[in-house]
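Following: one structure in structure tokens, then a few remarks.
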Amino acid sequence: MAIEWGSTSLKMIMALHTKHGFNIEDVQSIPYKSIKEGVEWTDIEALGPLLAGAISRFRKSADGRLESILGVPGYYTGIAENSCKIDIAGSVVGQEHIYSAIDRCSQYNLPDDWSIMQVLPRLYRLDGQYTNKEPIGIRGHELDLNSSLICVNQTFVTQLTDILVQHGIYIDYIRPTLLSSGSVFLTEAQRFSGSILIDIGEKSTDIIVYRDRVPIFSEWFPVGGHNITNDISIGLDLPYEEAKRLKKRCVVGEIPLDSSLEYVKQIAEMRIEEIFQLIKDSIASSNTVDMEGCSAVVLGDGIAHIRGVRSFASNILGCDVKVDKTSDAGLYALINDHVSKSMSYQEVEDKSNIQIIKDKIINWVLELFNK
């Protein structure tokens, strides 16, 4: 079971793990307004018990053990960069040296309420020679590692999991939703060459930037599809639901066939332009990728279903844009990413153990001939 803590609702998906992947058994979405009008998604005290109750109902319908994956929203996650250097004194680089460099990079000062969840190696440098692959089996003196640190707000995680424990519910895995979305909705080639994943929900927008296969930057903005609908509602003096219906009918970036939608289009375009300009300015200030040389994928129920948004966004960002209309994309990514990793975990672990043994043999042989 995967849980997405969204900006307007709690979403959960139950899937049966099979040898071929997974089968979706159930999907549930609980709007926050169904609890209490005006409750915000950052109100963990109010939403924690709701989540506990929903998980309990899911468990009753599950046949057997139910693993739980909690997706941490972009507001409570971040990416930091750290580089470190270790002296390997002329040895052949082995897996133990890689582990040592990763451990050194994890020693990074963060604010008290934040912690490092994962260290992702990005670039290695052995005696001045750069590579994005582990330089296993090569002799050298100094090993440098540039890495991305995946960080989470520990206060959010602790507060929420404590509430769930009080209801007898334990979370098995915690994963930033953006990281799973990047793994699922961006190809390996996109993650290598430089790409941006943009997830626009109802009340928030998350972005994550990849380069050299590794996420190097993320950002969160308190704006989304709700703001577009609300602007239309205010601008045309219409009920919110009627404004939402009109938003789905308009086509941005083009002259509407129905002239009555012209003002709707203008209002939508102004807000959409603001959102993508925020994204563009944020990436430019991060100095992480060249917009002209990368690509972008847009997800999210807040904007992905608006017609014409692909070319409209491409013109603002200055790069190729693809729009993926997968419903509940973050939820799908969490379960898909988890199943993919769990299917390959044992194979990776076995390879790692074999590699360590090989490293020891290589070092022993080289030391013997160098005597």
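Quick notes on this structure:
- Using every pair of distinct Cα positions in region 276-330, the Kirkwood expression returns a hydrodynamic radius of 11.8 angstrom.
- Given [x] 18.6; [y] 17.6; [z] 21.5, the label whose value is mean projected area of the Cα convex hull in nm² derived from this model: [z]
- Phi to ³J(HN,Hα) by Karplus 6.51 cos²θ - 1.76 cosθ + 1.60 over region 189-201, Hz, x for Gly, Pro: 5, 5, 5, 7, 7, x, 8, 10, 9, 10, 10, 9, x
- Given charges at beta-carbon only (K, R positive; D, E negative), |dipole| of the chain in Debye: 760 debye
- Candidates 183, 34, 83, ranked by Gaussian network fluctuation over the chain, Cα under 10 Å, top entry: 34
- DSSP beta bridges in the chain [antiparallel fraction, %, rounded to 5]: 75 percent
- Note on region 188-327: Kirkwood radius taken over Cα pairs, Stokes-Einstein applied at 4 °C and 1.567 mPa s, translational D equal to 85 µm² s⁻¹.
- Proximity of backbone amide H atoms, modeled 1.01 Å from N, is registered between residue 307 and 252 at under 5 Å, excluding neighbours fewer than 5 places apart on the same chain.
- Lys/Arg +1, Asp/Glu -1 at C-beta; the chain dipole; positive extreme among 278, 197, 7: 197
- Relative contact order of the chain, defined on C-alpha pairs under 8 angstrom at six or more residues apart (%): 17 percent
- Here's how it looks for residue 118: its modeled amide H is under 5 Å from those of 150, which are all 5 or more places away or on a different chain.
- Listed residues 158, 18, 326, most fluctuating in the chain (Gaussian network, C-alpha, under 10 Å): 18
- GNM flexibility winner over the chain from 287, 230, 315 (Cα, springs under 10 Å): 287
- Sorted by Cβ density within 10 Å, fewest first, the residues 306, 234, 171: 234, 171, 306
- Cβ-derived FRET efficiency at R0 25 Å, residue 33 paired with residue 249, nearest 0.05: 0.55
- Spread of Cα-to-Cα distances over 10 Å intervals beginning at zero, given as percent, for region 76-154: 20, 48, 22, 9, 0
- Pairs of lysine residues in region 188-327 that meet both criteria, 8 or more places apart or on different chains and Cα atoms under 22 Å apart, total 20.
- Shape class of region 13-55 from the alpha-carbon gyration tensor: prolate, with a/c at 1.5 or above and a/b greater than b/c.
- Inter-label distance, nm, simple model (7 Å from Cα along the C-beta direction), residue 188/residue 281: 3.9 nm
- Antiparallel DSSP beta bridges within region 183-337, percent to nearest 5: 55 percent
- Counting only alpha carbon atoms, the long axis of helix 95-105 and the longest principal axis of the chain meet at about 50°.
- Rounded to the nearest 10 degrees, the angle from helix 240-249 to the longest Cα principal axis of the chain is 70 degrees.
- For the chain, calculated [θ]222 nm from helices alone, where every DSSP H run of n ≥ 4 adds -39500 (n - 2.57): -13500 deg cm²/dmol
- Amide H contacts for residue 91 (H built 1.01 Å from N in the peptide plane; partners 5 or more residues away or on another chain; cut-off under 5 Å): 140.
- Cα centroid of region 213-233 to Cα centroid of region 74-89, whole Å: 26 Å
- Computed over region 80-178: relative contact order in percent, which uses C-alpha pairs under 8 Å that are six or more apart: 36 percent
- From phi via Karplus (6.51, -1.76, 1.60), per-residue ³J(HN,Hα) for region 334-339 in Hz, x at Gly/Pro: 4, 6, 5, 4, 5, 4
- Relative contact order of region 192-328, pairs being alpha-carbon contacts under 8 Å that are 6 or more residues apart, as %: 28 percent
The numbers here are math on the coordinates, done by the rules we state, and not lab data. Please read all numbers here as calculations on a predicted model, not as lab measurements. A quick note on method: Cβ atoms are made from the backbone with ideal geometry, for glycine too, and the neighbour counts reach across all protein chains shown.
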